[in-house]
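Here's the structure we're looking at; comments come further down.
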C-alpha cells in the first residue's frame with residue numbers, strides 16, 4: 001500500500017540517514033522527492049503511517065501523512 005508524507009528531509013545526506021530505517025519497514029520500496037517543496041516521501045509498505053513516521057523520527061526527521 002502506497003503512503004505519502006510531507007517531510008523535512010532536505011538533501012542526499014538526509015536520505016542516506018533515513019535509509020536504514022526506511023529499509024527496515026519498506027524493504028527498499030521508498031523514495032523522497034527532493035525537488036518537491038514539501039520533500040514528499042513515498043513508501044510502498046503494509047506498515048501503518050504511525051510506524052513510518054516513527055521510523056523517520058528514529059532517524060531524526062519529521063513526517064506528516066498526506067491525505
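Computed from the coordinates by the stated procedures, all read-outs in this text should not be read as laboratory data. Not measured: the values here are computed from a predicted model. Counting neighbours? That spans all protein chains shown, and the Cβs are built from the backbone with ideal geometry, glycine included.
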Based solely on its DSSP helices, what 222 nm [θ] is calculated for the chain when runs of n ≥ 4 H residues each add -39,500 (n - 2.57) and the sum is averaged over all residues, nearest 500 deg cm²/dmol? -11500 deg cm²/dmol
Region 2-65: C-alpha gyration tensor shape, a/c 1.5 cut-off, then a/b vs b/c: rounded
Fully extended contour minus Cα-Cα distance, from residue 23 to residue 8, at 0.36 nm per residue: 3.6 nm
Using alpha-carbon pairs under 8 Å, 6+ residues apart, how would you state the relative contact order of the chain in percent? 48 percent
Between residue 64 and residue 35, how many nm apart are label points set 7 Å from Cα along the C-beta direction? 2.4 nm
